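Here's the structure we're looking at; comments come further down.
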Amino acid sequence: MRRALDPPEGSTVVLTTDLLAQAIAGSRSSPRRRVILPLHPRNDDNLHRMLNAVQPGTYIRPHRHLSPPKAESIVLLRGSIHFVVFEDDGSVRSHAVLATGSASFGIDIKPGVYHTFLALEPDTVLFEVKPGPYEESTDKDFAPWAPAEGSEQAAEFLRGIMNVVQRP
């Protein structure tokens, strides 16, 4: 299962609606209901910039970037998400709706903070930035209290998060 598209070629990349459309098409056809379109050419680059196209119903297992510690910034380019921050025990610490054209359109996450987000609209696209290099074994420290992606429990866990964050 392909998690990322090929990065665009060239020493500069103009962010266009065609590039967004490419990422959106990839997310629509992905069984995961999301795809990364990296703007950096190599996994060992020291700064990773990417478009993250997501569809409602995708499950992003809560995780943190702990070792090595990595901060992460997200800016919404299209659509909206519900961003959720967790305590170490899995309880919800805070949450916020982020949407293009709204007062809250992005977030900056310090290293070591458990987080996830839920896509609220079809064809949502985020611009993400975080330090490289990418090493699959250390990129994410998955929350031990959150089920693995693709497991039978993942959909139930996702519904549970939505119920918590949608309470008045």
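Mind listing the long-range amide H neighbours of His48? Cut-off is under 5 Å, sequence gap 5 or more, other chains count too, H placed in the peptide plane at 1.01 Å from N.
Lys130, Gly132
When only C-alpha pairs under 8 Å and at least 6 residues apart count, what is the relative contact order of the chain, in percent?
Values: 359 pairs, mean separation 44.6, N = 168.
After rounding, I find 27 percent.
Evaluate Rg over Rh across segment 2-87, taking Cα atoms for both radii and Kirkwood's formula for Rh. Don't skip to the end; give the middle numbers.
On the way: Rg = 13.7 Å, Rh = 14.3 Å.
Using Cα coordinates only, the ratio equals 0.95.
Assign unit charges at the C-beta atoms only (+1 for Lys and Arg, -1 for Asp and Glu), then state the dipole size of the chain relative to its Cα centre in Debye, rounded to the nearest 20.
Values: 18 positive and 20 negative charges, 64 e Å.
In debye, rounded to 20, the chain gives about 300.
Tally the DSSP beta bridges in segment 1-143 and give the antiparallel ones as a percent, rounded to 5.
Bridges in segment 1-143 that DSSP calls antiparallel: roughly 95 percent.
Once both labels are modelled 7 Å past Cα along the beta-carbon direction, what's the Ala4-Leu47 spacing in nm?
1.7 nm
Only the coordinates and a few stated rules stand behind these numbers; no lab work does. These numbers were taken from a predicted model, which means no experiment stands behind them. Quick reminder, even Gly has a Cβ in these numbers, built from the backbone with ideal geometry, and neighbours come from all protein chains shown.
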